[in-house]
Amino acid sequence: MKKISGIVLLLIAVFFVSSCGNYKQVAYLQNIDSISLAGSKGLYDAKIMPKDLLTITVTTTDPKAAQPFNLSYNMNGGVTSSGGGVGSYIPYLVDNDGMINFPLVGRIRVIGLTKREAEQLVVSKIKPYLAADENPIVTIKMASFKVCVTGEVKSPGVFTVDQEKISIIEALTRAGDLTIQGKRQNILLIREQANGMKEHHRLNLNDAEIINSPYYYLQQNDIVYVEPNKIKARQATVDSSISYWLGLTSSVISLATLAITLLKK
């Protein structure tokens, strides 16, 4: 009886130790009460990259003065100019040199600029084409800010970011959060720089220091990959092996049945 009681107590102890270990692997930002978040100070602004699509709207006191700078699609699918009101404006593609081709002004280099910096630059470029009393307002929106989340998440996909700012935790939330089999300590971030160079970084969701990381906020076209843990990886291997052998066994049985039937005839 004492031996059975000892075994039961040992199993209970193992269960609690295992539960504690699982918690340490699953819970996010575990040490947030013991670290400084001073490194996260400052508002994030996305930088314009090659292949971005920019919607640029110019507004002036006299709507006619803004028309040449506001290109939009007409009902027939052609291109026309409008006065800066609400419309289906043509987006400007940032080429590999970081340039856009803007009406009247010509090529403008916008790569590496924030949206606000690009707006100020466009204002300075169009002012010579306007009357002195015109105070143009330029509004730029990144029409192609997307991130990809894949791997061990509940709803992987490519997500459009309207506000041009998204943290890695927000992106994972859009993907339905990690499955229980996802490795929270080793999230892979793949990023392409303005020169086309690819880089990768490993992020630990268990550690609250991720909030201070320069990779906490995602850049357009970032890829976030959640690796499966060892249990899920082994399970996938076993499932694949079982499926293979079941299929092979089924084929052998079918062939044997066919052979027996033919021999009986």
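Brief remarks on what is shown
- When each of Lys64/Lys127; Lys154/Lys230; Lys154/Lys198; Lys115/Lys154; Lys41/Lys198 is checked by Cα-Cα distance, pairs over 22 Å: Lys154/Lys198; Lys115/Lys154; Lys41/Lys198
- Length available on full extension from Asp177 to Thr61: 0.36 nm per residue minus the Cα-Cα distance, which gives 37.0 nm.
- FRET efficiency for Leu43 and Ser124, using Cβ-Cβ distance with R0 set to 30 Å, rounded to 0.05: 0.80
- Close amide H partners of Val153, meaning residues 5 or more places away or on another chain with modelled amide H under 5 Å apart, are Thr179.
- Solvent-accessible heavy-atom area per residue, rounded to whole Å², over segment 148-199 at 1.4 Å: 48
- Restricting segment 27-58 to trypsin sites (Lys or Arg not before Pro) that sit in a DSSP loop and have at most 15 other Cβ atoms within 10 Å of their own Cβ leaves Lys41, Lys51.
The values are calculated or read from the model by the stated rules, or taken from the named source; none is laboratory data. Please read these numbers as outputs of a predicted model, since none were measured by experiment. So basically every Cβ, Gly included, is an ideal-geometry build from the backbone, and we count neighbours across all protein chains shown. The protein model used for the area step is the full one, side chains on, heavy atoms only, and it has no ligands, DNA or RNA in it. Shrake-Rupley method; radii C 1.70, N 1.55, O 1.52, S 1.80 Å.
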